[in-house]
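This report concerns only the one structure given below.
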Amino acid sequence: MRTTLRILRSLLFVAALLLDPPATRAEASPPAGELLFGGCGGVYFLAEPGELTVEVVKRDRNQRDTRVELRAILAGPDRRVLQEATIPDDGRPRGSGMEPAQRCRLSTRVEHKGVYVLNVTLSQDRYGEHAVWGFRSNCPKYLIETARGHRDARHEEPIVLASPERAGDVCFMPRRGAFDIEVAGLPKDAATPQVFDAKGALIAALKPGESGNASGSFAASKRREATPWRLHFESAKAIVNMDGVTRWDDHDLQPNLACWTPDLASWFPLLENRWLLTPCSRTVYGQPGEQKEIALQVRNDAARERTIQLSLDVPAGNWPARLSAERVKLGGKKVTTITVTCMAPATGETRVCHVRATPLDESGFSTCSTLTVKAGEAPAKKPLVMPLVLKPYQHENEQFGHLPEFPTESQVYFDLKNQPFIITGNGIATWRDGRWTAFKPKDVSSPLCSKIAFDRDNNLYALATVRGSASLLHSADGGKTFAACAIPGRAGSFDTEEFTGHNLPDGPPPILRYRRTAKDPKLFWRALHDLELFLPKKVDDGIVMGEPLLISKQCIGLAAHSGIPSSVVSRGSKVHVIWGEATDPKVKVAGVPAFVATYDRETGKLGRPALIGYGAPPNDIHNTPSITMDSRGFLHALAGTHGRPFPYARSLNPNDAGGGWTEAAPMVENLNQTYIGMVCGPDDTLHATFRLWQTGMEPFPASHYATLAYQRKRPGQPWEPPRILIMPPFSEYSVFYHRLTMDRKGRLFLSYDYWSTFWFYRNDHFGRRRTLLMSPDGGDTWKLAQSDDLR
C-alpha cells in the first residue's frame, strides 16, 4: 500500500512538471553538449590543488512571461565565496523555445584540497521549471545535488533530464533496503532505460508501460556493495524518481540530499563524509596575546569504524597554534570534539589556519576548515548599522565574529529577578553558579512549545510531554526541580501566556489547546479547531488543571513557528484570549476574523467575543492574531495576515475585551506582513516584528525577497514606518522563525533563524543558524546579544 501511494504521489508530481502550454510544443532542441537538467541546486567538487574552472550554461524554456536569472556562486571548503556570476533572462518571448544558450565562467586557484561548491538559484523560479542548466568543469570528481525551493508537502526532488539529442546517465548510490525507480516524460519510441551496477553488469531494464512511463522495483540486499549504480538513457529526456535518492526515509544515509552524477568516474564519497569536520569556518576575536580555544567536531557518518587523520596548517609558520589530537578513531555514526589552541595576534593583525581531516581509507577524501583569529573586540559586541545584510555563507560569525556562549535553540525569557531561561534539547537552561546549566525534568520527552511563563511568586512554568501526556511543568525553585501536572483530554496544539510587558498572572498561566476537528480538502490552509482554555490553580499539594472551557469551535488554528504571537494575557481575575476563525468559503469576507473574549475567574463567566478586525486573506492559518496590554490595562491587538498589512485595534476600556474597541486600521498601508511578534514596553510603546516582503528592489531587483522587520508605536502616536533589521542572502521565499521577547527592564530580545527556500543552501550547513539580536533602548539601536546582556 505504501509503495502504491508513493508511486501515485510521484506521478502527481510528474504530471505537474509535464503540464506545458501549447506554445511549448514548438520548443527547439538544444544542440549536443552539456547534459542539461531542471530544478535548482548545485554541484560539489572534490578539488585538488591547482586551477578549478566551472562553466555554467543556461537555456530559458520561455514557457511563461517570467524573467528568470541564474545566479551562480562558487565557494571553497570553508564556504568563503570565491566568485559569483549572473546569467540574465534571454529576453525572448513566450513560446520561442530554448535558443540561444547563455554561459558564464567561474574559476579559482585551489590552495587546499576539499569540497568546493557551485550554488545555482533561479529568480522567480524556485522550482527550476522555467529554465534548464548544465555545467562543465576541469575537476574530475563531482556530484550534483538537485535541490529546488521548498513545497508545503513531503520533500521530493525529481531529476529532470532535458537533453533528448544525446545519451545520458544518472549515477546514484542505491539503498541496501528495497527501493523503487519511476521514470516519466520519456520521448516517444524511447529505448528502454537500463540499470547497471558499478562493474557494468546489467541489473534491470525498465520497460515502459502503456502510459509510456517506466518503473522497476529492487529488493533489499544486505550484500549490496556501497558502490554507485548507473541508470542509462539513450535519449536523455526523462523525469526520474527513486527511493533513497529523490525521496527519503529516516534510515537513509543523508535524507533530503538528492545526489547523483552523469559520469560514474566522477563519483566520490560525499555522503558519508559530508559532516566530517564542522564548522567549516570560524572567526574569533581576542585581545593581543589572549589564549583562544576553538572547538570543532569530527563526525563519522559511515556505518563502520574509521580512523580520521587530523593536521593543522598555519600559513604564517611562526604563529603558536596547536591541535588537541592528530588522529581520532570513531565508531560508526559517532562524533567527537577536538580543539585548536592559539594566541590572538598583535593589534591590527589577523591569523588564519586550516584544520584538515582525512579518513585513513582508500576513499581519497579530504577536506578542511578555516579558522580566522583577529585582534581586538568583535564587531558583534557593538551596535550594528542596520539592516544586518546576510551574505551567502557569510552570516553573523563570519561578518561580525558573533559566537554566542549561551544556548540559542529558542528564545530567551526572564523571571521577576531578570534571570534568563531558555528551552533547549537538554532541558530548561539558565545562568547559575557562573555558568549556563540545563535541567531536564524526569520523564520529559519533548517540549510542547518554546514559551516559559512566571507568576507573581516567580514560579516557573513550561509545557512538555511527560510520560506520553501533555503536561504543565512547575518549578518553585528557579528551575532546579520540577513537578508535572497532566492536561486532561485528547492531544492538540498548545499555547500559554508569556510575559509581553504588563501581564503577570497571580498563579499558573492560562493554557490554550487547539484540537483540529476538520481539514478542508479544497483549501490547503483552512481547518477547523476547537479552542479550549485551561485555568490551572495552585493547591497545597501542587497544581490542579481542571476541565477546559470551550472558547470557539470555528478557530482556524495556531501558527506559532514564527513570531510566537501572544494568544492570551491576564491581569487579576481577567483572562483575555484572542483567536482567528475559519469562515464559510462560499461567503465573501475580508479575511480571517480576529476575536477577543474575556473570562473572569471570580464570576466564572466568559464574555461575548468581540470582533477586532479581519486579517487577509480569509481561511488562512498563517493569520494568527496577537494581543498584549499596557501599563493601564488597555488591550492592544493585531489581526494576523499572510502578506498583507496587520490591522491594529485597542480596547476602549482597561482589562476588558467586551467594552468596545477602536476601529481596526492597518499599521501602515500596503505592507506585505506575516507572522506577528508583539510586546509592550515599560513606557507603553508597542514593539512588533514580522516578515516583510520586498519586490523589484535591490539587492534582488529581478525578483522578490523576504526581510525581517521591526515597527513600533509610541503612546498616542501612529505606528512608525517599518525598519528592516535583517536582509536575506537569497531572493525568493525566506522565513526567519523570529521570536520577540522582553526582559523585566524593557530590553528587547529577538531570536531568529534565517531559513531559505532553497534546499541546497540549507543542506550545505550543519545544524541551525539561530542567534539573538537585542535592543537596549527600545528599538533605537540593535546589536548581537552577548552573554553579559543576558545576565
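The values are calculated or read from the model by the stated rules, or taken from the named source; none is laboratory data. Source: prediction; values computed, not measured. Cβ: placed from backbone, ideal geometry, glycine included. Neighbour counts: every protein chain shown. Keep in mind that these areas ignore ligands, DNA and RNA; they rest on the heavy atoms of the full protein, side chains included. Shrake-Rupley method; radii C 1.70, N 1.55, O 1.52, S 1.80 Å.
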Taking the Cα centre as origin and putting +1 on Lys and Arg beta-carbons and -1 on Asp and Glu beta-carbons, what dipole magnitude results for the chain, to the nearest 20 debye? 760
Over the chain, the sum of -39500 (n - 2.57) across DSSP H runs of at least four, divided by residue number and rounded to 500 deg cm²/dmol, gives at 222 nm -1000 deg cm²/dmol
Relative contact order of the stretch 133-207, pairs being alpha-carbon contacts under 8 Å that are 6 or more residues apart, as %: 14
Taking H as built 1.01 Å from N, whose amide H comes closer than 5 Å to the amide H of residue 610, not counting residues under 5 places away? 596, 597
In vacuo Debye sum over C-alpha of the stretch 733-791, base-10 log of normalised intensity I(q)/I(0) at q = 0.25 Å⁻¹, listed in q order, is -0.98
Provide, for q = 0.12, 0.13, 0.16, 0.19 Å⁻¹, the log10 of I(q)/I(0) from a solvent-free Debye sum over equal Cα point scatterers in the stretch 378-497. -0.54, -0.62, -0.82, -0.99
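If eta is 1.567 mPa s and T is 4 °C, what Stokes-Einstein diffusion coefficient results for the stretch 491-582, Kirkwood Rh from Cα pairs, in µm²/s?
91
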Tabulate in residue order the Karplus-calculated ³J(HN,Hα) for the stretch 652-668, using 6.51 cos²θ - 1.76 cosθ + 1.60 with θ = phi - 60°, rounded to whole Hz; enter x for Gly and Pro. 7, 10, x, 6, 7, 7, x, x, x, 9, 5, 5, 5, 9, x, 4, 8
Set Lys and Arg Cβ to +1 and Asp and Glu Cβ to -1, take the dipole of the stretch 201-248 about its Cα centre, and tell me which of 219, 235, 204 lies farthest positive. 219
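Net charge near residue 484, counting Lys/Arg +1 and Asp/Glu -1 over other residues with Cβ under 10 Å of its Cβ? Each step should come with its number before you reach the end.
Values: positive: 442, 467; negative: 443.
With Lys, Arg at +1 and Asp, Glu at -1, the neighbours total +1.
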Over the chain, relative contact order from alpha-carbon pairs under 8 Å, at least 6 apart, %: 9
Give me P(r) over the stretch 183-289, computed from all C-alpha to C-alpha distances, binned every 5 Å, as integer percentages. 2, 9, 16, 19, 18, 12, 7, 4, 3, 3, 2, 2, 1, 1, 0
How large is the convex hull of the Cα atoms of the stretch 549-638 per residue, expressed in Å³ as a whole number? 98
If you take the Cα Rg of the stretch 279-410 and divide it by 2.2 N^0.38 Å, with N the number of residues, what do you get? 1.17
Eigenvalues of the Cα gyration tensor times 5, then square-rooted: what semi-axes does that give for the stretch 51-203, in whole angstrom, largest first? 26, 24, 16
Projected onto the charge dipole of the stretch 21-140 (unit charges on the beta-carbon of Lys, Arg, Asp and Glu, signs +1, +1, -1, -1), the Cα from 91, 140, 107 with the largest positive-side position is that of 91
Partners for residue 537 among aspartates and glutamates (Cα-Cα distance below 20 Å; same-chain residues under 8 apart left out): 415, 455, 457, 477, 495, 497, 498, 506, 547, 600, 602
Obtain the radius of gyration and the Kirkwood radius of the chain from its C-alpha atoms and give Rg over Rh. 0.98
Would you mind getting the accessible area per residue of the chain, heavy atoms of the protein chains only, 1.4 Å probe, in Å²? 41
At what distance in angstrom do the alpha carbon centres of the stretch 423-446 and the stretch 247-282 lie from each other? 33
Reach of residue 588 by Cα under 27 Å, taken over lysines that are not fewer than 8 positions away in the same chain: 519, 522, 553
Once the mean 1/r over all distinct Cα pairs of the stretch 208-357 is inverted, what Kirkwood radius in angstroms do you read off? 19.4
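Kirkwood hydrodynamic radius for the stretch 670-791: how many Å is it when counted over pairs of different Cα atoms?
After inverting the mean inverse Cα-Cα distance, the result is 15.4 Å.
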Farthest towards the positive end of the dipole of the chain, among 627, 36, 153 and with Cβ unit charges of +1 on Lys and Arg and -1 on Asp and Glu, lies the Cα of 153
With viscosity set to 0.692 mPa s at 37 °C, what whole-number translational diffusion coefficient in µm²/s follows for the stretch 581-728 from Stokes-Einstein and a Kirkwood radius over Cα pairs? 203
Taking N as the number of residues in the stretch 366-445, what is its Cα Rg relative to 2.2 N^0.38 Å? 1.44
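Kindly rank 210-222, 367-379 from highest to lowest mean number of other beta carbons found within 10 Å of each residue.
The most tightly packed comes first, giving 367-379, 210-222.
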Angle between the Cα long axis of helix 2-18 and the longest principal axis of the chain, 0 to 90 degrees, nearest 10? 80
How high is the relative contact order of the stretch 34-180, given as a whole-number percent (alpha carbon pairs under 8 Å, six or more residues apart)? 41
Past 28 Å, Cα to Cα: identify those pairs from 382/745; 374/783; 440/783; 480/745; 391/440, in the order given. 440/783; 391/440
So, over other residues within a Cβ distance under 11 Å of residue 451, counting Lys, Arg +1 and Asp, Glu -1, the net charge is -2
Give me log10 I(q)/I(0) at q = 0.12, 0.21, 0.23 Å⁻¹ for the stretch 143-224, Debye formula, one equal scatterer per alpha-carbon, no solvent. -0.44, -1.27, -1.40
Rounded to 5, percent antiparallel among DSSP beta bridges of the chain: 95
In whole Hz, what ³J(HN,Hα) sequence does the stretch 558-568 give by Karplus (6.51, -1.76, 1.60; θ = phi - 60°), x for Gly and Pro? 10, 10, 10, 5, 10, x, 5, x, 7, 9, 8
Within the under-9-Å Cβ sphere about residue 493, not counting residue 493, Lys/Arg +1 and Asp/Glu -1 give a net charge of +2
Under the Karplus relation with 6.51, -1.76 and 1.60 and θ = phi - 60°, whole-Hz ³J(HN,Hα) for the stretch 270-280, x at Gly and Pro, equal 6, 4, 7, 10, 4, 10, 4, 9, 9, x, 6
